[in-house]
Amino acid sequence: MQVQKTTIPHWSEEDRPREKMMLKGRNSLSDAELLAILIGTGSGNKSAVDLGREILLLAKGDLYEFGKLRLSQLCEVKGIGKSKAVSILAALELGRRRKEIKVQKRPKINSSERAFKELKPYFTDLSHEEFFVMYLNRANELMQVKQLSIGGISGTYVDPKIIFKYGIDMGASAIILSHNHPSRNLKPSESDQKLTKKIKQFGELIEMPVLDHLIITDNGYFSFSDQELL
């Protein structure tokens, strides 16, 4: 008599939890199958899904109560050692922390003044030049502010290729450039204008436009866009 194999590697590909998630999405998995991915491997004649079902029985299938289980309780299930139990508890803790974080609305950057208010804290009390880039989505909402270079007292340089590489990686639709003048002189230098022009041309080529370039000092800011220098 041939013994039926119940371990996950012998199932059809679409029935394996990991493969099923990749093929059909995470919502297609049962609670036991999601646990099986955390558990990793079965034990003896039990598959990881079988172990997942047994663990769920500790809380009578109630996920709310399941979240209260302790390490010692999880280890009561034969085949669940401390390592697997810790992995499950870590996943539960991440879920708890995610619930505690309030979803913050991304600020919309619709003027040079709004951009300045977001950028000013990055330049407070600096005695040297630094270059930051604001990355925006299609709705001009702020995705991220990223420091691109640190210079000296009289200047800084940033590579346009690096600016747009970060933008492409995060799926940005537009950018705003910014750097500070420790001298408190708001007037853009010739090198500021050349660099802005170079970055703007680069952005046009890859359809990630430069919306503005702000020069920031303790006294205020200068906007290339407001002064029609873009």
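Looking only at residues in the range 1-14 that are modelled with pLDDT of 55 or more and open to solvent by 50 Å² or more (accessible area, probe 1.4 Å), which one is farthest from SER43 (Cα to Cα)?
Taking the candidates together, the pick is HIS10.
Do you know which residues across the range 72-93 are touching a Ser or Thr at 6+ places or on another chain (Cβ under 9 Å) and open to solvent by 50 Å² or more (accessible area, probe 1.4 Å)?
LYS78
Quick one: what pairs do we get from the range 217-230, first residue of a type in the set (Ser, Thr, Tyr), second open to solvent by 60 Å² or more (accessible area, probe 1.4 Å), C-beta under 8 Å, 6+ apart or different chains?
THR217/SER183; THR217/ARG184; THR217/ASN185; SER225/LEU211
Criterion first (among the small types (Gly, Ala, Ser), outside any helix (DSSP H, G or I), modelled with pLDDT under 95 and under 24 Å from the mean Cα position of the chain (by Cα)) does SER149 satisfy it? Give the derivation first.
Values: among the small types (Gly, Ala, Ser): yes; outside any helix (DSSP H, G or I): yes; modelled with pLDDT under 95: yes; under 24 Å from the mean Cα position of the chain (by Cα): yes.
For SER149, the condition - among the small types (Gly, Ala, Ser), outside any helix (DSSP H, G or I), modelled with pLDDT under 95 and under 24 Å from the mean Cα position of the chain (by Cα) - is met.
Go through (1) modelled with pLDDT of 85 or more; (2) outside any loop (DSSP other than H, G, I, E, B) one by one and return the number of the condition ARG98 breaks.
For ARG98, the exception is condition (1).
Please go through the range 32-65 and give me each residue that is open to solvent by less than 50 Å² (accessible area, probe 1.4 Å) and without any contact (Cβ under 8 Å) to a residue 24 or more places away in the chain, ordered by number. Steps first, please.
We begin by selecting, within the range 32-65, every residue open to solvent by less than 50 Å² (accessible area, probe 1.4 Å); these are 32-33, 35-37, 39-40, 42-43, 47-52, 55-56, 59, 61.
Across the range 32-65, the qualifying residues are GLU33, ILE37, GLY52, ALA59.
Looking at the range 55-74, which of its residues are in contact with a Lys or Arg (Cβ under 8 Å, 6 or more places away or on another chain) and either more than 16 Å from ALA91 (Cα to Cα) or modelled with pLDDT under 85 (or both)?
Answer for the range 55-74, where residues must be in contact with a Lys or Arg (Cβ under 8 Å, 6 or more places away or on another chain) and either more than 16 Å from ALA91 (Cα to Cα) or modelled with pLDDT under 85 (or both): ALA59, GLY67.
The values are calculated or read from the model by the stated rules, or taken from the named source; none is laboratory data. It should be emphasised that the depicted structure is a prediction, and the values quoted were computed from it without experimental measurement. Virtual Cβ from ideal backbone geometry, glycine too; neighbours counted across all protein chains shown. These accessible areas exclude ligands, DNA and RNA; they are computed on the full protein's heavy atoms, side chains included. Shrake-Rupley method; radii C 1.70, N 1.55, O 1.52, S 1.80 Å.
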